[in-house]
Structure formats: C-alpha cells, structure tokens
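One structure is given below, encoded as structure tokens.
Where a number appears in this text, it was derived from the coordinates with a stated rule and is not lab data. Not measured: the values here are computed from a predicted model. Heads up, the Cβs are rebuilt from the backbone with ideal geometry, glycines too, and the neighbour counts pull from every protein chain shown.
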Amino acid sequence: MSEKVIVIYSGGMDSYTVLNHAIKQGFDVYALTFDYGQRHVKEIEYAKNACKDLGIQHKIVDISAINSIISGSSLTDEIEVPEGHYESDNMKQTVVPNRNMILLSMAVGYAVSLDATKVFYGAHSGDHAIYPDCRPEFVQKMQDVCAIANYEPVDIVVPYINNTKIEILTDGLKMGLDYSKTWTCYNGREKACGKCGACQERLEAFELNQQTDPLEYES
C-alpha cells in the first residue's frame, strides 16, 4: 500500500507542480484546498478541476470566517492589489498574517486523521523576501513542532524551498504538465491581470523557459 500524504493545493502553478511531484513519487495523494476568503477564489475552481482530471482525493475547506480576526492583506481585504515584481516593497501588502502556520496546522491534523505521514506545500525561494512563512527557518521550526505535536509525527515537505519559480516551471515542463490548468493572478477576474506580482513572476518564469504562458491576460 502506498504511503499517504497531504498536499496543500491552492490551484496555482507552484502547488500544481508540487502535487504532480508527489504523485510521481508514488505517494497516495490527498489534496487539500482552503477557501480563506482570498480575492482570487477563482483558483479554487482550477484546483477542483485539476484534481478531478488527476483522479485524486480532494477536499475543499471553507475557513473564510478567519477574516473576522485576520486583516490587512490585499488578498482578503478591500485593499487594492499592488502591481510590480515581488522585489518591490509594496508587495508586503499581499501578506496574509500567519496564513501558512494556520493552513499547515489544519493539514497536519488532517494527516493524522488519515494516517498520512507527510504534508507538502509549495513555498519557494522567490517567496523568501516577502513572505516570512515561506522561509527555510520557518519550515524547519514547523517540522520540529509537527514531529512532536501529535503521537504520530508528520513531516513537512517543501520540495522547492530552495528553487525559483523559473526552476519550478522547468521541472513541471519536464514532467509534461499543462499549466493552463492553474491560476496565479491575485485579481480573480475573467483573465489574469499581468501586472500583479504573482502574474509578473509567472510570466517571467515562462519567458526564461522560452515558453508561452497558456493563460489569457488582460494586457
């Protein structure tokens, strides 16, 4: 019997690559998607459709009530999504306080209930400057805590923690992945905006891989 693992799956290109990476490693994968009231809720539909195509277990959990106590992010509040690259200081407006600690905690609880041994998530080196909960030191502390938080230790696995989005896409293209099945834009409109940090980093990754992004953009 294959080892059970949980993949925190947003529907974006990074977590889509992680999801397929775990599947190709031979694990019995359970995808877990959170609705935390994000502006780009459209990504949840992409997550649902991708998991259906892959034929894997998928659970979507509504935790949007946390927005009553967590505020200040342009991803969840009525604050305009900043434009520009992630290197720009204004991208800190997209930080959702304590998001990954909250999501990882729930994913670990789900793992224990299923007798799963690992939880995967898609942090990468491009996130380090802006998002504290995507940095290696955060991951290490979460690994330490999740080894002792339950009777059953759960390992936090971050396969691309030291890789750029460019390198993640390179790996996904080698796996033959179809990135039209992913959504990245922080604005959940009909087409991707092409201007927010998420779009710019994605477009850069495709350009440097000498590929064309299959998503449609407003500009």
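Under the simplified labelling scheme, the Asn209-Asn162 pair shows an inter-label distance of 2.1 nm, with each label point 7 Å from Cα along Cα→Cβ. Label reach from Ile63 (point 7 Å along Cα→C-beta): in region 17-39, amide nitrogens under 17 Å belong to 30-39.
The slack in the chain from Gln140 to Asp155, taken as 0.36 nm per residue of separation less the alpha-carbon distance, amounts to 4.4 nm. A simple rule links phi to the HN-Hα coupling: the Karplus curve 6.51 cos²θ - 1.76 cosθ + 1.60 with θ = phi - 60°, which for region 144-155 gives 4, 5, 6, 7, 10, 6, 9, 5, 9, x, 10, 8 Hz, with x for Gly and Pro.
Quick check: net charge around Leu32, other residues with Cβ under 13 Å of its Cβ, Lys/Arg +1 and Asp/Glu -1?
Values: positive: Lys4, Lys48, Lys59, Lys118; negative: Asp35, Asp62.
Once all neighbours under 13 Å are counted, the net charge is +2.
The local environment of His21, defined by Cβ-Cβ distances under 14 Å, has a net charge of 0 under the rule Lys, Arg +1 and Asp, Glu -1.
Multiply the residue gap between Lys4 and Val41 by 0.36 nm, knock off their C-alpha separation, and tell me the result in nm, one decimal place. The partial results should precede the final answer.
Numbers: separation 37, 0.36 × 37 = 13.32 nm, distance 2.72 nm.
This chain segment gains 10.6 nm when fully extended.
Packing around the peptides 213-219, 3-9, 131-137, taken as the average count of other Cβ atoms within 10 Å per residue, puts them in this order, highest first: 3-9, 131-137, 213-219.
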